[in-house]
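The values are calculated or read from the model by the stated rules, or taken from the named source; none is laboratory data. In this text the structure is predicted, and so the values were computed from the model without any measurement. Note: ideal-geometry Cβ built from the backbone for every residue, glycine included; neighbour counts use all protein chains shown.
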Amino acid sequence: MSVRTALVSLAAVSALAACAPTPGPGMISGPAPFVASDFAWSAQSGSASVDGRVAYRLDGQAFACTGSVALTPDTPYTRQRFQTLYGSTDSAAVPEAVVRARTVADPNADYRSYVRSTTCRDGRFRFEGLPDGGWFLIAPVSAGGDRTVLMRYIRTRQATTAAVTL
């Protein structure tokens with residue numbers, strides 16, 4: 001290979017590498033192990049709350065809550081898990097069967113004791129006594145057929161109520 005060919009090849013590889021995304025705030029750059037101390041903030045009480053309602057529609061069909069609504073703390077572990085399960089860390093509506101079929105790293109990590117849960121009645125739910133922080137809100141819904149799981153990232157702030165419509 002000539003020096004000129006090598007330089008052209010190196011320039012092409014460098015140009016392609018410059019186009020590759022680099023991890024930024026909120027982006028996942030590698031395995032994020034379960035670390036219990038990452039969840040400590042979420043176990044505290046606070047004065048924030050969430051008032052939520054389900055108004056999800058698809059193809060003219062209204063979907064209703066079909067189970068408990070969950071609030072999962074945002075940590076490196078849960079962020080990576082939700083990216084894998086829902087394809088996003090902002091918001092998603094994914095068939096439950098698709099979510100269940102996806103594989104996550106460290107599936108046996110027990111973060112459930114940090115997840116808050118409440119009942120959804122008549123399309124409404126509420127969480128109270130929350131600390132400041134980022135959370136993943138999860139609500140299973142159905143229009144009579146297979147369930148869909150709605151996911152939305154929210155932030156809580158002391159002495160405020162976050163109004164959320166899924």
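The rows are residues; the columns are (1) polar (S, T, N, Q); (2) modelled with pLDDT under 95; (3) surrounded by fewer than 13 Cβ atoms within 10 Å (Cβ to Cβ).
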position: V13; (1), (2), (3): no, yes, yes
position: L16; (1), (2), (3): no, yes, yes
position: P25; (1), (2), (3): no, yes, yes
position: A64; (1), (2), (3): no, no, no
position: V69; (1), (2), (3): no, no, no
position: P95; (1), (2), (3): no, no, no
position: A109; (1), (2), (3): no, yes, no
For this session: Please go through region 130-148 and pick out each residue that is under 11 Å from the mean Cα position of the chain (by Cα) and within 16 Å of V99 (Cβ to Cβ).
Result: F136, L137, I138
Problem set entry | Complete set of residues in region 43-62 that are of a type outside the set (S, T, N, Q), part of a loop (DSSP other than H, G, I, E, B) and at pLDDT 95 or above | G46, V54, A55, Y56
Exercise. Taking region 111-129 as the search range and keeping residues that are under 16 Å from A163 (Cα atoms) and touching a Ser or Thr at 6+ places or on another chain (Cβ under 9 Å), which one is surrounded by the fewest Cβ atoms within 10 Å (Cβ to Cβ)?
Worked result: G129
For this session: Please work out which one of (1) aromatic (F, W, Y); (2) at pLDDT 95 or above; (3) farther than 30 Å from D122 by Cβ is the condition F34 fails and give its number.
Result: (2)
For this session: Could you list, in sequence order, all residues of region 78-109 that are without any contact (Cβ under 8 Å) to a residue 12 or more places away in the chain and more than 21 Å from G67 (Cα to Cα)?
Result: G87, P107, N108
Exercise. If we scan region 72-84, do we find a residue that is assigned to a strand (DSSP E or B) and within 19 Å of F39 (Cβ to Cβ)?
Worked result: yes
For this session: Give the number of residues within region 91-127 that are of a type in the set (K, R), closer than 19 Å to D51 by Cβ and outside any strand (DSSP E or B).
Result: 0
Exercise. Does region 62-70 contain any residue that is more than 14 Å from P140 (Cα to Cα) and either over 9 Å from the mean Cα position of the chain (by Cα) or of a type outside the set (G, A, S) (or both)?
Worked result: no
Problem set entry | So S91, is it more than 17 Å from Y153 (Cβ to Cβ) and either surrounded by 13 or more Cβ atoms within 10 Å (Cβ to Cβ) or among the small types (G, A, S) (or both) | no
Problem set entry | Candidate set: region 39-55, residues that are of a type outside the set (A, V, I, L, M) and buried (at least 19 other Cβ atoms within 10 Å of the Cβ); chosen: the one nearest to D122 (Cα to Cα) | G52
Problem set entry | Residues of region 131-161 satisfying the condition of being assigned to a strand (DSSP E or B) and farther than 15 Å from V69 by Cα | G133, G134, R155, T156, T161
